[in-house]
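Trainee: First the structure, then my questions, so here it is.
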Amino acid sequence: MLKEQMHMMCLQQLIILNLYNYILKSCDVCIIGAGPAALATFSAIHEPFTLDSMTPTQVNNASTSIRRNKGVGPSKKNVCVVDPNGNWLGKWNDNFDRLGIQYLRSPALAHPDNFDINGLLAYAVANGREDELVESGCSEIRKLHGLGQTQVGLWKVPSAELFYDFCMNLARQLPTHEFVKGTAIDLTRNESGNSLASGGGGGGEDDPDTSYTVTLADGSEIICKSVVLALGPTGKPVTPPKLCNAPKERLIQWNHMKEHLKPHHERVLVVGGGLTAVQVAQYCLRSGKKVILCSRRPLVERHFDIDTCWFDRRSANKQISDFYHQSEAERLAVLKEARGGGSVPPIYMDDVRKWQASGELSLLNGVEPKYMESSADGRVVVVMGKDHMEFDIIVLACGIKPDCTANALVQAYQAKCPVKIVGGFPSVSVDLEWSKNLFVVGALASLNVGPDSGNIMGARRAASIVSNALECRAWLRDADSGGALSNPFEQLFWDEEDSSSSDSDSD
């Protein structure tokens, strides 16, 4: 009898051990991705409120409530982050390093800290790194002159190193979270109350009948109550049709440039008309190559990839409201029109002109490159208008065609829980929900957030939407908790039930 009991105990322990190895983690919220949009979402979930949209009086009231009332303030949700790089901004930092990018295009007011729009500027000042915020010419834009932000440095652009260090500091200051290095390959919605997710945090997502299982490439699983997809731009890289027949070793996408660009490659053709194409050309030029940059139209010089009206606080709300009240087809047209096929900031165009003057860089526009043949020495012969030119390698920086199903995880979940796809973007709810408690941020949310969805400012806005949907800041509107956004005159409202009781008593 004792022997049988010991055998059963060993068997139970073995089952528990296997279950532990199979289920890697349980949490309230699982964020898939670790770029700026993911960090902005993590910040929004845990910050008790945001200074961006509250008056000084409301901020003071909220701070007082947190000091006096237990149980209100920062969300206690348990968060797990999944990313192949195993650290915040891993892919972002790799792309910047790959191209040797020194400064961001976005101004200092665009960052993942959901608490304070001044956060990056304050970090630079506190650490004596104001010299890493450089003038980009944004302060010369006439329509921005009325903004006090231009006077204090919020429209300067930060160095890539400053931005990265700020984000790492932000991640350290936020509550401890589980960071899982791995690739999510499948997502399943569990319609069962037997969720293994922890019970902390509270909020609207605490539906005992809803949980998700995130399956990683190594077979391990994460059980969670809510999922946030922060996958970055998803789609297929664009290859000009007349170059498709070029030898694969001589035709590469820009993100494979470091692996395939060799010292003996002296003549390089870069194809593309946006900022990435210019950055690729700059990288090749700094490496001693002779470069021709070919685009369908002349390079468009513009500070930002969308008009400032989308993130100017005086006009942004109207732009967003107008956008949301349009049909999906109209929104898609706005997305395409707002970006206009790519543009290049003035500080980059100044550098382009210097390289042109040196004779190392040539610009060709209005022509479509066509591969003809390979020469005897292995170079590719390309027809450029009326000219035949030889190149050692062709680097493509033509952007991507939006297609959310190009991501294996999205494709797998679309097969289980299909939603309408418009122009490559999923049609989600006003709360950015694909299905209950499954949210999308970043470029995936473009149809609901707007043309800046893939930018950091749009990511901040999407993060706030998700945080509100998860009811992380519901206490701010709760009068009983001293919520800073509650109506102070609520007690004066006429209560029909009290009136009926009074009438019946008088009878």
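The values are calculated or read from the model by the stated rules, or taken from the named source; none is laboratory data. Bear in mind the structure is a predicted one, so any value in this text is a computation, not a measurement. Backbone-built Cβ (ideal geometry, glycine too); neighbour counts: all protein chains shown. Note: accessible area is taken over every heavy atom of the protein model, side chains too, but ligands, DNA and RNA are not part of it. Shrake-Rupley method; radii C 1.70, N 1.55, O 1.52, S 1.80 Å.
Trainee: Would you please list the contacts, defined by Cβ atoms under 9 Å and residues six or more apart or on different chains, that run from a residue in region 119-133 that is under 14 Å from Leu51 (Cβ atoms) to a residue that is among the small types (Gly, Ala, Ser)?
Mentor: Leu120/Ala108; Leu120/Ala110; Leu121/Ala108; Leu121/Gly153
Trainee: A further question on this structure: Quick one: would you say Ser358 is at pLDDT 95 or above and either among the charged types (D, E, K, R) or open to solvent by 60 Å² or more (accessible area, probe 1.4 Å) (or both)? I'd like the intermediate steps shown before the answer.
Mentor: On the way: at pLDDT 95 or above: yes; either among the charged types (D, E, K, R) or open to solvent by 60 Å² or more (accessible area, probe 1.4 Å) (or both): yes.
When the stated conditions are applied, Ser358 passes them.
Trainee: Being assigned to a loop (DSSP other than H, G, I, E, B) and modelled with pLDDT of 70 or more is the filter here; which residues of region 25-54 pass it?
Mentor: Gly33, Ala34, Gly35, Glu47, Pro48, Phe49, Thr50
Trainee: I'd like to check something: does region 168-190 contain any residue that is part of a loop (DSSP other than H, G, I, E, B), at pLDDT below 95, of a type in the set (A, V, I, L, M, F, W, C) and open to solvent by less than 10 Å² (accessible area, probe 1.4 Å)?
Mentor: no
Trainee: Filter region 212-259 down to the residues that are more than 23 Å from the chain's Cα centre (by Cα) and open to solvent by 80 Å² or more (accessible area, probe 1.4 Å), then identify the one that is nearest to Val441 (Cα to Cα).
Mentor: Asp218
Residue by residue, here is whether (1) under 17 Å from Asn448 (Cα atoms); (2) in contact with a helix residue (DSSP H, G or I) (Cβ under 7 Å, 6 or more places away or on another chain); (3) not small (Gly, Ala, Ser) holds:
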position: Lys290; (1), (2), (3): no, no, yes
position: Leu293; (1), (2), (3): no, yes, yes
position: Arg297; (1), (2), (3): no, no, yes
position: Glu301; (1), (2), (3): no, yes, yes
position: Ile306; (1), (2), (3): yes, yes, yes
position: Arg314; (1), (2), (3): no, no, yes
position: Lys318; (1), (2), (3): yes, no, yes
position: His325; (1), (2), (3): yes, no, yes
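Trainee: How many residues does region 60-83 hold that are of a type outside the set (A, V, I, L, M) and either open to solvent by less than 30 Å² (accessible area, probe 1.4 Å) or modelled with pLDDT of 95 or more (or both)?
Mentor: In the first step, residues of region 60-83 are kept if they are of a type outside the set (A, V, I, L, M); the result is 60-61, 63-65, 67-71, 73-78, 80, 83.
Filter once more, keeping what is either open to solvent by less than 30 Å² (accessible area, probe 1.4 Å) or modelled with pLDDT of 95 or more (or both): 64-65, 73, 75, 77, 80, 83.
Final tally of qualifying residues: 7.
Trainee: Given the condition open to solvent by 70 Å² or more (accessible area, probe 1.4 Å) and over 25 Å from the mean Cα position of the chain (by Cα), answer yes or no: does some residue in region 345-353 qualify?
Mentor: Yes, because at least one residue in region 345-353 is open to solvent by 70 Å² or more (accessible area, probe 1.4 Å) and over 25 Å from the mean Cα position of the chain (by Cα).
Trainee: Further question: Before we move on, is Arg314 closer than 30 Å to Pro247 by Cβ and modelled with pLDDT under 95? Spell out how you get there, then give the answer.
Mentor: Values: closer than 30 Å to Pro247 by Cβ: no; modelled with pLDDT under 95: yes.
The answer is no for Arg314.
Trainee: A further question on this structure: Within the set of pairs 6 or more residues apart or between chains, which connect a residue that is without any contact (Cβ under 8 Å) to a residue 40 or more places away in the chain inside region 361-382 to a residue that is open to solvent by 80 Å² or more (accessible area, probe 1.4 Å) and not aromatic (Phe, Trp, Tyr) with Cβ atoms less than 6 Å apart?
Mentor: Taking only residues 6 or more apart or on different chains, the pairs are Val381/Met372; Val381/Glu373; Val381/His388.
Trainee: Of the numbered conditions (1) under 18 Å from the mean Cα position of the chain (by Cα); (2) open to solvent by 60 Å² or more (accessible area, probe 1.4 Å); (3) modelled with pLDDT of 95 or more, Asn127 satisfies every one except a single condition; which is it?
Mentor: The one condition Asn127 does not meet is (1).
Trainee: Among the residues of region 317-340, how many are closer than 27 Å to Glu135 by Cβ, assigned to a helix (DSSP H, G or I) and open to solvent by less than 70 Å² (accessible area, probe 1.4 Å)? Talk me through it step by step, then tell me what you get.
Mentor: The first filter runs over region 317-340 and keeps only residues closer than 27 Å to Glu135 by Cβ, leaving 319, 338-340.
If we keep only those that are assigned to a helix (DSSP H, G or I) too, we end up with 319, 338-339.
Imposing the further condition that a residue be open to solvent by less than 70 Å² (accessible area, probe 1.4 Å) reduces the set to 319, 338.
So the count comes out to 2.
Trainee: Looking only at region 252-279, which residues are outside any helix (DSSP H, G or I), over 21 Å from Asp403 (Cα atoms) and touching a helix residue (DSSP H, G or I) at 6+ places or on another chain (Cβ under 6 Å)?
Mentor: Across region 252-279, the qualifying residues are Val268, Val270.
Trainee: When you scan region 202-211, do you find a residue that is more than 27 Å from Phe49 (Cα to Cα), open to solvent by 50 Å² or more (accessible area, probe 1.4 Å), outside any helix (DSSP H, G or I) and at pLDDT 90 or above, even just one?
Mentor: No, because not a single residue in region 202-211 is more than 27 Å from Phe49 (Cα to Cα), open to solvent by 50 Å² or more (accessible area, probe 1.4 Å), outside any helix (DSSP H, G or I) and at pLDDT 90 or above.
Trainee: Enumerate the pairs (first residue in region 412-431 and open to solvent by less than 40 Å² (accessible area, probe 1.4 Å); second residue anywhere and among the basic types (Lys, Arg) and outside any helix (DSSP H, G or I)) with beta-carbon separation below 6 Å, excluding pairs fewer than 6 apart on the same chain, so at least 6 apart or on different chains.
Mentor: Final answer for the pair search is Ser427/Lys420.
Residue-by-condition table, conditions (1) open to solvent by 20 Å² or more (accessible area, probe 1.4 Å); (2) touching a residue at least 24 places away in the same chain (Cβ under 8 Å); (3) of a type outside the set (Asp, Glu); (4) farther than 30 Å from Val383 by Cβ:
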{"residue": "Gly274", "(1), (2), (3), (4)": "no, yes, yes, no"}
{"residue": "Arg296", "(1), (2), (3), (4)": "yes, yes, yes, no"}
{"residue": "Ile306", "(1), (2), (3), (4)": "no, yes, yes, yes"}
{"residue": "Ser315", "(1), (2), (3), (4)": "yes, no, yes, yes"}
{"residue": "Gly342", "(1), (2), (3), (4)": "yes, yes, yes, no"}
